[in-house]
Amino acid sequence: MDQQTLHVVVTIANATFTTFRIAAHVPQLLAVVRDTSGARAISVGSWVMFAIANLSNAVYALVIADDWLMFGINLLSTASCAAIGGVAVCKQRRVSRLAEKSPSRHAHCTDRHDAFMTTLRSDRVFQVPDVTRSFTALSRLAPTVRGSSNRGDLQ
């Protein structure tokens with residue numbers, strides 16, 4: 001295979017798989033758009049890095065390879081990565097703002113936990129019981145010891 005044929009084959013393969021990659025972004029974008037939990041499972045940092053990598057590929061294709069087709073495809077991939085990351089950021093911010101404005105649906109659990117921890121920290125829980133009263137009550141019930149401490153001397 002000569003150099004020009006190899007160049008065409010590699011360019012077509014790269015364009016094809018980059019197009020497939022853009023198509024693979026569509027389900028992810030739809031999942032982020034439909035998500036109701038604030039897109040917590042989406043790593044915005046990863047999608048930003050994907051967008052930057054695709055942008056650098058686009059610049060390379062234009063500046064070094066002078067390939068407008070590769071430039072356009074990589075620019076579309078950059079846009080799809082940025083869209084996924086952008087929608088995720090919007091959803092995550094919206095959920096955090098709502099959480100700040102309204103009390104959590106688990107606030108009662110937090111209140112109970114705080115009350116429990118306060119009780120544990122209070123002196124009442126860790127007070128030593130008054131053992132002198134207990135010994136006084138037991139001494140009335142115990143048989144009287146006369147003379148020695150030997151059990152045989154108990155009456």
Scanning the range 69-128 residue by residue, those at pLDDT 95 or above and in contact with an Asp or Glu (Cβ under 7 Å, 6 or more places away or on another chain) turn out to be none
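Just give me the residues in the range 7-58 being in a helix (DSSP H, G or I) and basic (Lys, Arg), in sequence order.
Arg21, Arg34
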Would a scan of the range 59-74 turn up a residue that is closer than 30 Å to Arg97 by Cα, assigned to a helix (DSSP H, G or I) and not hydrophobic (A, V, I, L, M, F, W, C)?
-> no
Is it the case that some residue within the range 21-42 is closer than 14 Å to Ala82 by Cβ and surrounded by fewer than 11 Cβ atoms within 10 Å (Cβ to Cβ)?
-> no
Sole miss for Trp47 among (1) more than 12 Å from Ile84 (Cβ to Cβ); (2) among the aromatic types (Phe, Trp, Tyr); (3) under 19 Å from the mean Cα position of the chain (by Cα) is condition (1)
Taking the options Thr36, Thr78, name whichever one is under 30 Å from the mean Cα position of the chain (by Cα) and within 30 Å of Ala99 (Cβ to Cβ).
-> Thr36
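The values are calculated or read from the model by the stated rules, or taken from the named source; none is laboratory data. Note that the structure is a prediction, hence the values are computed from the model and not measured. Reconstructed Cβ throughout: ideal geometry from the backbone, glycine too, with neighbour counts over all protein chains shown.
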